[in-house]
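The values are calculated or read from the model by the stated rules, or taken from the named source; none is laboratory data. Bear in mind that the values here come from a model prediction, so they are computed numbers and not experimental data. All Cβ positions, even for glycine, are placed from backbone atoms using ideal geometry, and neighbour counts span all protein chains on display.
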Amino acid sequence: MNTRERDSIEAVLLVGSGYGALKVAEDLVQSGIPVAWVTARPHYLELPLGAEALADWPADLDYQFRPLYLRVTRHPLLTALPQARILSAGNGTNGFVVEGEQDPRYIDYDLCTGCGKCTELCPLNDSERPPITRRPAQCPTRALVLDKRATGACRVACPLGVNAQAYLALTAAGRFDEALAVVRDANPLPGICGRVCHHPCETECRRAEVDEAVAIRDIKRFLADFEAHAGVVPSFMPPAQRRTGRVAVIGSGPAGLTAAHYLNRQGFQVTVFESLPQAGGMLRAGINSFRLPRRVLDIEIRAIENAGVTIQTGTTVTSVQALLAEGFSAVLLAAGTQADLQLGIPGEDLPGINACVSFLRAVNLYGTAAVGAKTVVIGAGNSAMDAARTALRLGAASVTVVGIEQESQLPAHPREVREAREEGVAFVLGAAPVAFEGTSALERVVCCKARWQPHPDGSQEIVHDREDTFSLDADCVIVAIGQRAQLKECGLDQEIETGPGGRALIDTCYATPVAGVFAAGDVASGPSTVVEAMAAGRAAAGSIIEYLTGEVCPFDTPTRETRGVGDYPDIPESLLRRRRPDAPQRLPRVRCRDFDEVDMGLGADEAVAEARRCLQCSVCCECRACEAACEQIGAINHFSSARQFTIAAPAIIVADALELPDAGLLDRDQVFRVADLKHDLTDVMLSGSAAAGRAMVAAAKLRRAAVPRETDVEDLSDEVRIGFFLCTCNDTLASRSALERVRDLAGHVRGVVHSQLLMSACHPAGADLIAEAVGRHTITRVVLASCVCCPLEFQCISCNDQRTRARLHLFERLGLPRSRFETINLRDSLLAERLSDDEVVDKARDLLRASFVRARYMAPLTQGRTEIGKQVIVLGGGDIGRSCALNLDLQGFSVRLVHNPQLTTDPLRRQPHQVDTSAGNNITHVESAIIRDIRGQMGDFTIHARQDGAARRWRADIVCLVDEAVLPLALNEDAPGLKKLYRYDFAFFHTPQAGMFRVLPRTLERVQEFEAGAALAAQVARSAAEAFLKDHLLSPRVDPERCRGCGRCVDICPFNAIQLVPGLDGLYTAEVARHNCVGCGGCVGRCPVTALDMPYFSNQLLEALVADAMAGGKTYNEAS
Amino acid sequence: MKRPNLLGICCNWSPWTCLNAAGRTNLELPPDLRIIRVMCIGRINQALILKAFEYGADGVILLECRDEDCRYGPGPEVGHANVTLVRSLLDLLGIDQQRLVERSFEAHEKDRMVTELWNFAERIEAMGANPAKPRQEREAV
């Protein structure tokens, strides 16, 4: 079980989900500022409007949001806290100190591969409310979410905490053996409890609000019977490991047996001492075979014994000290209440008067008891009913029960009373015996009317109405008014302190004052029920384990709040009323003739139908069947607990005010709002950018400069030693045998030195396996067949979280060289259910062919990012320009603000702008200038201008076109294809050229100028901090020998990424501006003389692929 | 009899989606067709198309996105330009221009793609071997 952790984070706090929040997070993390993102929703894209609302938005948004989502949620500066809430926000030294809590996440988002195998094992997967789901469906992760609500009332009501919901779910799915295993885990006596338990679970069943409680006990009995009918002899497994420490248990009743079972299961050697000749305690001595057949009892006791518990029958323990001296480390007294209480009225010593427990013991163990023709049973509890019905079966002509209580208050279970009555037992209620009369033997019982009356001390006392006396003829009486412990009789009271009723005195941990001696069950609590005694036995076993080892009690009796998130779902309105079935019973006049079982139990169909009535209140029934599917992955943890966190936040950005604990927070300084959705997505995102820009000022000191992490350029001229890894996606990709064939085929490809199946490539352990094999076999090229499409360090519209994660593990965490990886997405091409093994192998071979060719033509990728300079030129004043410049200045940029830029050489028409020079010490103001042109790329722009009639050349890393007059300097974004690639960025400030921003008039219809300036500043800060070092050989290279300066490449490039520069001999040669290049290769294809090539995907490689295809895949992949 | 050599150069985006969908629904493709996948048809230069014929292709089909659909922008435009230029070169080489085909698809058009591929295969088979191949190879077809 997880311990509760408390994390401390220093970051800007972002509250709420949705696209505005996503934009905030993007701008902040990509500008180097850490963000803690707290939202109540399971995934960030789930909007308050509901997932369905996504469908109403333009489909091509997907092109932007998938990569955006992945880029942001897997960013190292983002602390993702979904399913979490803010509890309080106070003041700290640097802004706010925010406390919060994250709900337990039962499926680890960082481990789940989304294979979906768990859903196949879930018994509730086909129900109306499957517990394991992917949501929303549009989310770019395959990870699953488990819906686990508050613990079911039935389970909470059970003293043993037996998971009724789980075994009902499994029974409903026809998985009876698994269902029984769930019962047995918490209750080692399912057949017994399936018959005699007083089923408090059913009392609490929520189904009763609609019609009737589910017949939980009958289903439990069915499960045990079903196993027995199948001829299976149950047996618990002996513990895998024995521990030191022997424990003696005195008494083999429900408490003793249960304690012995659980102590044994934890590895302790247990000996149970039973004074009677057979084990079972009250289960055997007190409960008749017509309610609990001896066969069931014997089987279940034997199952416990088989696991290693020793039961010594016929042994009466008279001293616990002697046991301790004998070498037992602990003793559990679970002797029950074997002595009958006496009435204390005249004539109680007459022959013919029996005490209930000794009477039943005589019948059940020795078969020696006899009754008279007219038998009277005193008392109306469950034991009295047993005694009365036994008397009938022993041949009594009439049996009368005399009870003080009235019908509605009878202590016996109504079902017992009904069955006794059906068999012919008469009841005299509201009466109590006052004397037994007879000369040499009993002849009559004198009774008078009586009732219970509460005593001032809280107890109850009997009030007799002596006026109303009557007598019952009787030759036999069974007194069944209660039992008490008989410690005195065996001398144990000398060592163990006793209290009222002769009970052993214990503390809350079931410990007696004698060290190492514990007591549990009826001997300590007074008469109770089977399941309560069992629960006490198990709890005492837990205390003994704590006493012996110091470990925390390993047994779990959940309360409603123990696990789960949220309350039970409402009962669906579509539910149909349906009554519970009555278990079949033998006819009363037949069954009272013998001691055979009365109840017959449900059949399989009935049990399944009845189990389906369960409302599955907790949604996840916690049967834990899913864990088996996730054994290798380990993403499922039903016991994960909530996580506490503290955030020191210089600023708070609120994307969803409903997620705040206190709306008053919105009025405080450094709390910024993302506007709600008004018109379209652009509004929200623009507003998000503005909020991010404003928060950046407060959080600038948290900014972490992007440290260039350039690695050495890989030398790929070494020997080609290929390692082939095939991800089986937790054995869901295709049949094991087909994948083994693919693995073996790959092992025979020329150059392959190692070929291996992986359980998962996106799992940390899978990545570790690859790294380990690469080292062990000195692999120089890796072909990874999984769902990962490319080894590059960005996300495109096809990407998902698993693919991103795999690359993070391989290249970031383990530091494997990207350049040496060829990844191929096999998963999306193999749809295993539809393909035969042969088809899988053929298709995989076909797809892998190119990968093995490619493994020979790899080119080095240099990795890493670089921080570009902080010189910004803002062309255009006004409120936007000034707001942007001031914001950037406060963030530490140096800004040249040109208030009145013009494009033409016409005389200046505008009046010089009044400039407020008081603020901003890193702003260089230029009143007006005429801009000739802008050349270069991000990090190295040159602006040619005229100021005051003089020519100027300004250098800048980033350019902002704020004034409408200079907008034509930006590239046209309406070129085909560009919309798809960059659309959401184009909606506000981006141009197709990285590092060049512009403000369109339409932007101001959405936000006011000040906010627009802040949002623009956020974009600038982002670009400055996280410019891709685009020198990763995805950009084309020009061969100056071949280039003849025709300019076709320049014409075709929509990104201004290629320009002609004059060479030494006066000829123009193409040159690539790599920050502008998106790496599409259009110029390479357009070049008529093959002067351009892209090293990472070279002409040579393409030619090899064509040659290979034309040779039928024989050129490179022939077996060596 | 030697079967014709057909080469498909397939863009990774819409056309590959079609191809994948066709495979998943078990639609049959011409058996003589070999497909190589590239990120964008714009990446393919004239030399490569000519090389395909040099390596013995009897027909080459470029499978690309629609003009307005290209994920990068210039892909289809480059494709059109190259097809026009290479076709005129094929003419010079005595290779039928019809042996180079260019088709564009949207992501959902798997059935049309399968039809187009069969049409292409049948047409090339009817045309016989590429005359630029050495005679013995040609006669084996």
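Residues in the range A:840-856 that are among the basic types (Lys, Arg), under 15 Å from B:Gly23 (Cβ atoms) and more than 12 Å from every other protein chain (Cβ to nearest Cβ): A:Arg845 alone. For the range A:174-214, filtering for residues that are closer than 16 Å to A:Pro581 by Cβ and crowded, with 24+ Cβ neighbours inside 10 Å leaves 4. Per the conditions (1) touching a residue at least 24 places away in the same chain (Cβ under 8 Å); (2) over 18 Å from A:Cys729 (Cα atoms), the sole criterion not satisfied by A:Val788 is (2).
B:Glu64 meets the conditions (1) part of a helix (DSSP H, G or I); (2) surrounded by 24 or more Cβ atoms within 10 Å (Cβ to Cβ) in every case but one. The failed one is (1). The residue list A:Leu733, A:Leu757 contains one member that is assigned to a loop (DSSP other than H, G, I, E, B), among the aliphatic types (A, V, I, L, M) and either modelled with pLDDT under 95 or under 30 Å from A:Thr141 (Cβ atoms) (or both), which is A:Leu733. Scanning the range B:70-100 for residues that are in contact with a strand residue (DSSP E or B) (Cβ under 9 Å, 6 or more places away or on another chain) and facing chain A (nearest Cβ under 10 Å) yields a count of 6.
For the range A:200-216, indicate whether the set of residues that are touching an Asp or Glu at 6+ places or on another chain (Cβ under 6 Å) and either free of Cβ contacts under 8 Å to residues at least 12 places away in the same chain or not in a loop (DSSP other than H, G, I, E, B) (or both) is non-empty. There is at least one residue in the range A:200-216 that is touching an Asp or Glu at 6+ places or on another chain (Cβ under 6 Å) and either free of Cβ contacts under 8 Å to residues at least 12 places away in the same chain or not in a loop (DSSP other than H, G, I, E, B) (or both). For the range B:48-59, a residue qualifies if it is under 21 Å from A:Leu847 (Cβ atoms) and either in contact with a Phe, Trp or Tyr (Cβ under 9 Å, 6 or more places away or on another chain) or more than 7 Å from chain A (Cβ to nearest Cβ) (or both), but none of them does.
Against the definition (outside the structural domain of A:Val12 (by TED's automatic domain parsing) and among the aromatic types (Phe, Trp, Tyr)), how does A:Phe645 come out, yes or no? No; evaluated as a whole, the condition is false for this residue. Of all residues in the range A:503-546, those being β-branched (Val, Ile, Thr), touching a residue at least 40 places away in the same chain (Cβ under 8 Å) and surrounded by fewer than 20 Cβ atoms within 10 Å (Cβ to Cβ) number 2.
In the range B:106-116, how many residues are charged (D, E, K, R) and more than 14 Å from every other protein chain (Cβ to nearest Cβ)? The total comes to 4.
The residues on offer are A:Ala480, A:Ala450, A:Ala485, and the sole one that is small (Gly, Ala, Ser) and more than 55 Å from the chain's Cα centre (by Cα) is A:Ala450.
Residues checked against (1) surrounded by fewer than 19 Cβ atoms within 10 Å (Cβ to Cβ); (2) part of a strand (DSSP E or B):
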{"residue": "A:Leu602", "(1), (2)": "no, no"}
{"residue": "A:Ala609", "(1), (2)": "yes, no"}
{"residue": "A:Gln616", "(1), (2)": "no, no"}
{"residue": "A:Cys623", "(1), (2)": "no, no"}
{"residue": "A:Ala628", "(1), (2)": "yes, no"}
{"residue": "A:Glu631", "(1), (2)": "yes, no"}
{"residue": "A:Phe639", "(1), (2)": "yes, no"}
{"residue": "A:Phe645", "(1), (2)": "no, yes"}
{"residue": "A:Ala648", "(1), (2)": "yes, yes"}
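Would you please name the residue that is nearest to A:Ala1025 (Cα to Cα), looking only at residues in the range A:1036-1076 that are buried (at least 17 other Cβ atoms within 10 Å of the Cβ) and aliphatic (A, V, I, L, M)? Ranking the qualifying residues of the range A:1036-1076, first place goes to A:Ala1073. On the stretch given as the range A:488-511, residues that are under 14 Å from A:Gln321 (Cα atoms) and touching a helix residue (DSSP H, G or I) at 6+ places or on another chain (Cβ under 8 Å) total 4.
Please tell me if A:Ile779 is in contact (Cβ under 8 Å) with a residue 60 or more places away in the chain and among the aliphatic types (A, V, I, L, M). When the stated conditions are applied, A:Ile779 does not pass them.
Within this structure, A:Arg834 fails the test of being assigned to a helix (DSSP H, G or I), surrounded by fewer than 18 Cβ atoms within 10 Å (Cβ to Cβ) and within 14 Å of another protein chain (Cβ to nearest Cβ). If you go through the range A:246-258 and keep only what is more than 37 Å from the chain's Cα centre (by Cα) and either within 12 Å of A:Pro188 (Cα to Cα) or part of a loop (DSSP other than H, G, I, E, B) (or both), you end up with A:Gly251, A:Ser252, A:Gly253. In this structure, B:Arg103 does satisfy being more than 14 Å from chain A (Cβ to nearest Cβ) and touching a strand residue (DSSP E or B) at 6+ places or on another chain (Cβ under 7 Å).
Note on the range A:1083-1096: residues that are hydrophobic (A, V, I, L, M, F, W, C) and at the interface with chain B (Cβ under 7 Å from one of its Cβ atoms) total 2.
Exactly one residue out of A:Ala150, A:Ala143 is touching a helix residue (DSSP H, G or I) at 6+ places or on another chain (Cβ under 8 Å) and aliphatic (A, V, I, L, M), and it is A:Ala143.
When the residues of the range A:803-820 are filtered to those that are touching a Leu at 6+ places or on another chain (Cβ under 6 Å) and either free of Cβ contacts under 8 Å to residues at least 60 places away in the same chain or within 13 Å of another protein chain (Cβ to nearest Cβ) (or both), the one that is nearest to A:Ala1104 (Cα to Cα) is A:Arg818. Only residues that are surrounded by fewer than 19 Cβ atoms within 10 Å (Cβ to Cβ) and within 16 Å of A:Asp599 (Cα to Cα) were counted in the range A:277-287, giving 0. Scanning the range B:7-47 for residues that are at the interface with chain A (Cβ under 7 Å from one of its Cβ atoms), over 19 Å from A:Asn825 (Cα atoms) and assigned to a helix (DSSP H, G or I) gives B:Gly42, B:Arg43, B:Gln46, B:Ala47.
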